[in-house]
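Please treat every number below as a calculation from the coordinates, not as lab data. All of these numbers come straight from a predicted model, not from anything done at the bench. Quick reminder, even Gly has a Cβ in these numbers, built from the backbone with ideal geometry, and neighbours come from all protein chains shown.
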Amino acid sequence: MNGKAQFIIVAALLIGIMVTSLAVSIYLTATQYQEFRYQASKEIIINIDKDFKRALTRILALATHNYNKSISSSLEEILKGSATGKCEETADFNEKLSYWCQTLLQSYLDAGLQLSYRRNLLKYCWLYNESSSTIYSELEVNLTSYGLYGFVSEGRIQLNVTIDSVSAERKGGNINITLTFHVEREYGEPISSLSKDNYNFTDQDTLAGWAISYNKTTNWIRPEPEEVNITYSAGGKYAITFEVPIGEDKGKSGQQKLNFYLVLWVRDERGILVVALANARKE
Amino acid sequence: MNNKALLRMIEAVLAAIVILLAFTVSYHYATPPNPFTIRAKGDLEKIAYDVLHRLAEERALDEILKKNPTLLGDEFAAALRTLLPKNIVYNLTIYKAEIITIMPHNVEGVKLEKLADATNIEDPDTIVRASEVGKAVLTYTYSQLKENPQLEEEFYTLVLHLTIARVER
């Protein structure tokens, strides 16, 4: 073999390797592009789902806050002896949901976002032993640009307060009241944020809080913070203790009797409020 | 050793060098120069979404908005400096969705009003020049309870646009 032939072989080998490597590199570029080109559909859906629930939570917090301003007439009825709890349903949060949907549509223009909500319900069941505030809605989401259709976000936000027992024991000139109750959010998740520090909603740094009032003849009295104690015993269960001075209300026998109502306000860390009612009797 | 044999030796060495060079060049072509570059777009988008979700999850926004909304840009700049690596530049713009009336049909719509921004980019062309850029959009609905009945309740949605880019530093 002469030198010229050897160079031709080497040159052929070189060109062959280079052409092959070029083909491989083009192939790899194509496959890697398909593999790694990222579409943020998951993140967008997660954000929509979370913000939908956040919006419902905020709507319920505002609604219960405003509704609380209107229960003074119910409290007066309680004092007149015609105490009844009240359950009300409304769907008048459509305006806020509509605003929220329009904002999202503008935010995700490129994703081809389509939103529709249905089965809206906002319900207050207050001034019962078992009281609750609930909001419910379903949101259907399509991301047409990503080929994602039919995602449904179920938004159920709830706060339940159940008064388990009320006991009244005489102690000198006072009556010791012990009220046990438990607080749960949706799906039975216990609320553990109530403490002596956030009694009477005094702590401005947190939305969580609670308050209690009892009636004395025709007035509602709220004990001072130093007069009430609250203890938490896991699972969302609490016990409140405080003393009520015995009033002038006397029975036929001349002995002092007690028949009064306790109104319990509970607000969780999301700002959702529930008002529950209990009756304490001591003959 | 005669001259012919020496030439053959030199020729063989040269051929070996050429073949080695060819393999080196082909390896360079066949392997992505930096695997990170290929994956970077997706990664940066994920990072951008993760950062925004984290800020929204930890109620940091609530705290900032409650304290002083005018500090929004500065507070976010501080948070992003902590959360993002040093070789990533960011540009965050926060919009507030305002209800507007669209004429002539008197229909209510929503307009995004710029509320604040936070950035560590000095040269506006940095993002244009960067080979890797990620963008994320997050909405955050906010409300505040007003104990004073005279004050109007607050309920609005913020829209956060975050753009991040990887730069050599």
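In debye, nearest 20: dipole of the protein assembly as shown around its Cα centre with unit charges on the Cβ of K, R (+) and D, E (-)?
1060 debye
Stokes-Einstein at 4 °C, 1.567 mPa s, Kirkwood radius from Cα pairs: D for the protein assembly as shown in µm² s⁻¹? Could you put the intermediate results ahead of the total?
On the way: Rh = 27.4 Å.
For the chosen part, D equals 47 µm²/s.
Would you compute, from DSSP H runs of 4+ residues alone, the mean residue ellipticity of the protein assembly as shown at 222 nm, taking -39500 (n - 2.57) per run and dividing by the full residue count, rounded to the nearest 500? Intermediate results must be reported in sequence, preceding the final value.
Values: 9 runs with 159 residues, N = 452.
One gets -12000 deg cm²/dmol as the mean residue ellipticity at 222 nm.
What average number of partner chain Cβ atoms lie no more than 10 Å from the Cβ of the residues making up B:152-161? All intermediate terms of the calculation are to be shown ahead of the outcome.
Values: counts 0, 6, 2, 10, 5, 13, 3, 5, 2, 1.
Shielding by partners across B:152-161 averages 5.
Quick one: order A:ARG58, A:ARG118, B:ARG81 by neighbouring beta-carbon count within 10 Å, fewest to most.
On the way: A:ARG58 28, A:ARG118 9, B:ARG81 12.
Least crowded to most crowded, the residues run A:ARG118, B:ARG81, A:ARG58.
In terms of modelled amide H atoms, which long-range or inter-chain residues lie less than 5 Å from the amide H of A:GLY112?
Those lying under 5 Å, H to H, from A:GLY112 are A:SER145.
Order of A:VAL166, A:VAL141 from fewest to most other C-beta atoms within 10 Å?
Details: A:VAL166 18, A:VAL141 23.
Lowest to highest Cβ neighbour count: A:VAL166, A:VAL141.
Over chain B, consider all pairs of different Cα atoms and compute the Kirkwood hydrodynamic radius from their mean reciprocal separation; express it in Å, one decimal. Let's see the in-between values first.
Details: mean 1/r = 0.0491 Å⁻¹.
When all Cα pairs of chain B are included, the Kirkwood radius is 20.4 Å.
Which one of A:THR231, A:LEU109, A:THR20 is farthest out on the positive end of the charge dipole of chain A, using unit charges on Cβ (Lys, Arg +1; Asp, Glu -1) and the Cα centre as origin?
Comparing the listed Cα positions along the dipole, A:THR20 ranks first.
Comparing A:SER133, A:SER193, A:SER98, which has the greatest mean-square fluctuation in the GNM of chain A with Cα pairs linked when under 10 Å apart?
Maximum among the listed residues: A:SER98.
For chain B, what is the charge dipole size about the Cα centre, in debye to the nearest 20, if Lys and Arg each add +1 at the Cβ and Asp and Glu each add -1 at the Cβ?
Details: 19 positive and 23 negative charges, 229 e Å.
Result for chain B is approximately 1100 debye, rounded to the nearest 20.
Against the longest principal axis of chain A, how steep is helix A:41-68, in degrees 0 to 90 to the nearest 10, with axes from Cα atoms?
20 degrees
Provide the per-residue ³J(HN,Hα) series for region A:145-162, in order, calculated from phi with Karplus coefficients 6.51, -1.76, 1.60 and θ = phi - 60°, each as a whole number of Hz, with x at glycine and proline positions.
Those phi angles translate into 5, 9, x, 10, 10, x, 6, 10, 9, 9, x, 10, 10, 8, 9, 10, 10, 10 Hz.
Tilt of helix A:94-107 relative to the longest C-alpha principal axis of chain A, in degrees (0 to 90, nearest 10)?
20 degrees
D for region A:123-175, whole µm²/s, Stokes-Einstein with Kirkwood Rh over alpha-carbon pairs at 25 °C and 0.890 mPa s: what number?
Details: Rh = 15.3 Å.
Rounded to a whole number, D works out at 160 µm²/s.
Read phi for every residue in region A:228-239 and hand back ³J(HN,Hα) as whole Hz from Karplus 6.51 cos²θ - 1.76 cosθ + 1.60, θ = phi - 60°, with x for Gly and Pro.
10, 10, 10, 10, 10, 10, 6, x, x, 9, 10, 10
Once you put a point 7 Å from the Cα of A:VAL152 and another 7 Å from the Cα of A:LEU79, both along the Cβ direction, what distance in nm separates them?
4.8 nm
Ranked by Cβ crowding within 10 angstrom, fewest neighbours first, how are B:MET9, B:MET103, A:MET18 ordered?
Details: B:MET9 11, B:MET103 7, A:MET18 14.
Neighbour counts put them in this order, fewest first: B:MET103, B:MET9, A:MET18.
When you look at the Cβ of every residue in A:114-127, what mean number of other chain Cβ atoms sits within 10 Å? List each step's numbers first, then the result.
On the way: counts 0, 0, 0, 0, 0, 0, 0, 0, 0, 0, 0, 0, 0, 0.
Across A:114-127, the average partner-chain Cβ count within 10 Å equals 0.
Which whole-Hz couplings ³J(HN,Hα) result when phi for each residue of region A:262-270 is put into the Karplus expression 6.51 cos²θ - 1.76 cosθ + 1.60, θ = phi - 60°, listed in order with x for Gly and Pro?
For region A:262-270, the Karplus-derived couplings read 10, 10, 10, 9, 10, 10, 8, 5, 8 Hz, x marking Gly and Pro.
In whole percent, what relative contact order does chain A give with Cα contacts below 8 Å and a gap of six or more residues? It would help to have the intermediate numbers written out before the result.
Working: 513 pairs, mean separation 46.8, N = 283.
Once normalised by length, the contact order is 17 percent.
How high is the FRET efficiency between A:THR241 and A:ASN129 when r is their beta carbon distance and R₀ equals 22 Å, given to the nearest 0.05? Provide the component values of the computation, followed by the final result.
Working: r = 19 Å, r/R0 = 0.84.
Working from the Cβ atoms, E equals 0.75.
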